[in-house]
Amino acid sequence: MNSTNIHQQVRDQYTAALQRAQAKAGGAGCCGPIPCGTAAQFARYEGELDAHPEAAAASFGCGNPLSFAEVQPGQTVVDLGSGAGFDLLLAADKVGPEGRVIGIDMTDAMIETARANAAKAGAQQVQVRKGHIEQMPIAAAQADWIISNCVINLSPDKAKVFAEMARVAKPGGQFRVSDIVARDLPAWVKSDELAYAACVAGAIDEAAYLQGLRDAGFEEVQVVARHVYAAADVQALIASDFVDAGLPQGAWQDRLHEIDGKVASITVTGKKPLTSACCGVAKCC
Ligand SMILES: C[S@@+](CC[C@H](N)C(=O)[O-])C[C@H]1O[C@@H](n2cnc3c(N)ncnc32)[C@H](O)[C@@H]1O
């Protein structure tokens, strides 16, 4: 499948997943302190969920990129694949009215929801821009912080995303990204469209992920949190967010054990050097 088709398929799946999450949130008995997006059940949010419950209910993250990030008032945060905007609002709380928070997403329903959530929260410092994270609609050297939550695995061109991150970061700017990595996935998973949308099939090996960030020019790249998924976690991820009535029959029912322990969510940090040593590699200046 080419990049355009992958983007379209991901857009369609997340438009539907958002509708599902919103319907559940509107009905009785769903969510409470746990977001409807099942990925977010693994995201390690704690007190943050109460701060913006509506956005939290449509969260599809797999980590908590802002936890322990030393984001300061007045800084600029860029969120790649900002979805319905939960992390945008948490970032807005940290940067305050003098700061800027810029979300980038390619799915209209997500963009509209994030803008509505920001308006309801009175977060005027939040902007949501439509675009692809492989070609970000933002000038160079803007971001003090780049965050992202369960998105880069969905990109058909991760090297391009990492290079764009290096371009958009200020010299000395930092990133804190939560995402899914995977190793030795069976062919039937890698070719499954549902598994791609559910952040599994497009995930790459952790070592390749870290090397990709270093190749783009980032330094001090390290994993600060890791949560390895059991097969049942992956099942929950797919069944709740992407299908209405449990997993499809066939391989998903019979061979799920083959992915036990092979999928993990990680949070990775790193920074762009203050000098322009990365220019030649990533054209980041
Ligand atoms: C798993 S959801 C995560 C959303 C959000 N970060 C959160 O934590 O709730 C993935 C989001 O990334 C967006 N997305 C996926 N691939 C993208 C790309 N190549 N460019 C821009 N947005 C993308 C989707 O539209 C969707 O909103």
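The values are calculated or read from the model by the stated rules, or taken from the named source; none is laboratory data. Please read all numbers here as calculations on a predicted model, not as lab measurements. All Cβ positions, even for glycine, are placed from backbone atoms using ideal geometry, and neighbour counts span all protein chains on display.
For region 1-44, which positions are at pLDDT 65 or above, more than 8 Å from the ligand (Cβ to nearest atom) and in contact with a Cys (Cβ under 7 Å, 6 or more places away or on another chain)?
Answer for region 1-44, where residues must be at pLDDT 65 or above, more than 8 Å from the ligand (Cβ to nearest atom) and in contact with a Cys (Cβ under 7 Å, 6 or more places away or on another chain): Ala21, Lys24, Ala25.
Name the residues in region 79-99 that are touching a residue at least 40 places away in the same chain (Cβ under 8 Å) and either more than 12 Å from the ligand (Cβ to nearest atom) or at positive phi (or both), would you? Show your work before the answer.
Step one: of region 79-99, the residues touching a residue at least 40 places away in the same chain (Cβ under 8 Å) are 79-88, 90-91, 93.
Selection gives Gly81, Gly83, Gly85, Asp93.
Please work out if Ala187 is within 16 Å of the ligand (Cβ to nearest atom) and surrounded by fewer than 24 Cβ atoms within 10 Å (Cβ to Cβ).
Values: within 16 Å of the ligand (Cβ to nearest atom): no; surrounded by fewer than 24 Cβ atoms within 10 Å (Cβ to Cβ): yes.
So Ala187 does not fit the description; no.
I'm trying to understand the selection: among the residues of region 194-214, which are of a type outside the set (Phe, Trp, Tyr) and either surrounded by fewer than 16 Cβ atoms within 10 Å (Cβ to Cβ) or out of contact with any helix residue (DSSP H, G or I) (no Cβ under 7 Å at 6 or more places or on another chain) (or both)?
Just the residues of region 194-214 that are of a type outside the set (Phe, Trp, Tyr), to begin with: 194-195, 197-208, 210-214.
Within region 194-214, Asp205, Glu206, Ala207, Ala208, Leu210, Gln211, Arg214 qualify.
If I filter region 127-143 for residues that are within 11 Å of the ligand (Cβ to nearest atom), more than 24 Å from Thr4 (Cα to Cα) and either touching a residue at least 24 places away in the same chain (Cβ under 8 Å) or surrounded by fewer than 24 Cβ atoms within 10 Å (Cβ to Cβ) (or both), do I get at least one hit?
Keep residues of region 127-143 that are within 11 Å of the ligand (Cβ to nearest atom), which gives 128-137.
Next cut, more than 24 Å from Thr4 (Cα to Cα) only: none.
No; the residues of region 127-143 include none that is within 11 Å of the ligand (Cβ to nearest atom), more than 24 Å from Thr4 (Cα to Cα) and either touching a residue at least 24 places away in the same chain (Cβ under 8 Å) or surrounded by fewer than 24 Cβ atoms within 10 Å (Cβ to Cβ) (or both).
Taking region 147-191 only, how many residues are touching a residue at least 40 places away in the same chain (Cβ under 8 Å) and in a loop (DSSP other than H, G, I, E, B)?
Pass one, region 147-191, residues touching a residue at least 40 places away in the same chain (Cβ under 8 Å): 147-159, 161-163, 165-186, 188-189.
Okay, now just the ones that are also in a loop (DSSP other than H, G, I, E, B), so 150-151, 155-157, 183-186.
So the count comes out to 9.
Looking at Ala56, Ala84, can you tell me which residue is hydrophobic (A, V, I, L, M, F, W, C) and either surrounded by fewer than 17 Cβ atoms within 10 Å (Cβ to Cβ) or modelled with pLDDT under 90 (or both)? Reasoning before the result, please.
On the way: Ala84 fails: either surrounded by fewer than 17 Cβ atoms within 10 Å (Cβ to Cβ) or modelled with pLDDT under 90 (or both).
After applying the criteria, what remains is Ala56.
For region 45-64, what are the residues that are without any contact (Cβ under 8 Å) to a residue 40 or more places away in the chain and either away from the ligand (no atom under 16 Å from the Cβ) or assigned to a helix (DSSP H, G or I) (or both)?
Gly47, Leu49, Asp50, Pro53, Ala56, Ala57
A quick yes/no check of all residues on (1) modelled with pLDDT of 95 or more; (2) outside any strand (DSSP E or B):
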{"position": "Leu66", "(1), (2)": "no, yes"}
{"position": "Leu88", "(1), (2)": "yes, yes"}
{"position": "Lys94", "(1), (2)": "yes, yes"}
{"position": "Asn117", "(1), (2)": "yes, yes"}
{"position": "Ala123", "(1), (2)": "yes, yes"}
{"position": "Arg129", "(1), (2)": "yes, no"}
